[in-house]
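What follows is a single structure, written as structure tokens, with notes after it.
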Amino acid sequence: MDILAAYKDYYTASEKPEVVEIGEASYVSILGLGSPGTPAFYQKKAAIKEFVAALAEKHTLDNKPFSSSVVEIFYWFDEEKVGYVDIGNFYTTVDLALLQYRIAIRIPNFISSEDIKQVTEQRGEILFAKDFEHFTYTAGTCVQLLHKGPFAGELQTLPILQKFATDNGFRKSGMHHEIHLTHFELGQSQAHLQTILRDPVVKQH
């Protein structure tokens with residue numbers, strides 16, 4: 001099972017803002033705190049790829065092969081502490097030291113928490129092995145677009161998504177979601193990156 005092919009719509013976005021419906025999805029994930037781009041952030045990103053590869057290897061032996069390597073990140077702030085943070089100024093309103101995140105890779109629905117626990121026990125040498133967990137999430141109605149180029153450019157792209165949401169009567173209602181279609185490492189050029197920016201929304205009353 002090729003996750004990228006099996007859920008093609010999930011991994012597809014236009015450079016123009018659009019409204020999409022995203023159903024329930026299952027992930028291997030790991031939590032973090034602070035600004036993206038720190039050494040710890042990149043360590044977790046590398047470790048989750050290694051962990052999911054080990055999970056895929058286990059299921060190949062069990063005759064349920066799959067492949068999945070696209071890294072996604074869910075970001076949010078504790079709004080009880082910092083207040084409501086909108087799409088357009090998500091990275092510019094609050095100190096990024098308070099940013100919470102969940103690095104994730106999508107997995108087939110047949111994989112359980114128990115499967116992940118078994119890999120944790122068998123492959124304890126993988127960095128953060130005990131911190132990986134099963135995560136299920138339904139984003140529902142979202143606005144999204146495809147951002148091309150460096151992450152810093154998102155500061156210009158997110159206000160475009162915000163305007164689209166507002167013009168269509170929506171307000172942000174959940175975690176900011178980034179899907180990194182292009183593999184990247186710390187220190188690499190970001191000119192070639194393609195990133196889906198996706199935010200769950202509800203109709204404003």
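Just so you know, all these numbers are worked out from the coordinates, no wet-lab data involved. Everything numeric in this text was worked out from a predicted model, so none of it was measured. Counting neighbours? That spans all protein chains shown, and the Cβs are built from the backbone with ideal geometry, glycine included.
Give the calculated FRET efficiency between residue 42 and residue 93 to the nearest 0.05, with a Förster radius of 25 Å applied to their Cβ-Cβ distance. Between residue 42 and residue 93 the formula returns 0.55. Length gained on full extension, residue 33 to residue 64, computed as 0.36 nm times the residue gap minus the Cα-Cα distance: 7.8 nm. Packing, as the average of other Cβ atoms within 10 Å across residues, places the peptides 157-168, 46-57 in the order 46-57, 157-168, highest first.
Candidates 66, 1, 12 compared by Cα position along the dipole of the chain: farthest toward the positive end lies 12, with charges placed on Cβ. Dipole orientation for the stretch 105-205: of the candidates 194, 113, 143, 143 has the Cα lying most toward the positive pole (charges on Cβ; Lys, Arg +1; Asp, Glu -1). Under the simplified labelling scheme, the residue 16-residue 167 pair shows an inter-label distance of 1.0 nm, with each label point 7 Å from Cα along Cα→Cβ. Rounded, prolate or oblate: which one fits the stretch 82-142, using the alpha carbon gyration tensor with axes a ≥ b ≥ c (rounded when a/c is under 1.5, else prolate when a/b beats b/c, else oblate)? The shape class here is oblate. For the stretch 1-56, rounded, prolate or oblate, judged on the Cα gyration tensor with a ≥ b ≥ c (square roots of eigenvalues), a/c < 1.5 rounded, else prolate if a/b > b/c? It comes out oblate by the Cα gyration axes. With each label modelled as a point 7 angstrom along the Cα→C-beta vector, the residue 80-residue 202 pair spans 1.8 nm.
Helix-only arithmetic for the chain: the sum of -39500 (n - 2.57) across DSSP H runs with n ≥ 4, divided by the residue total, places the mean residue ellipticity at 222 nm at -8000 deg cm²/dmol.
Charging the Cβ of each Asp and Glu at -1 and of each Lys and Arg at +1, and nothing else, the dipole of the chain about its Cα centre rounds to 200 debye. If I model the stretch 84-205 as equal point scatterers sitting on the Cα atoms and use the Debye formula, what is log10 I(q)/I(0) at q = 0.14 Å⁻¹? Debye intensities relative to I(0), on a log10 scale: -0.77.
Quick one: grab the alpha carbon gyration tensor of the stretch 1-138, order the square roots of its eigenvalues as a ≥ b ≥ c, and give me rounded if a/c is under 1.5, else prolate or oblate depending on whether a/b is larger than b/c. Oblate, since a/c reaches 1.5 and b/c is not below a/b.
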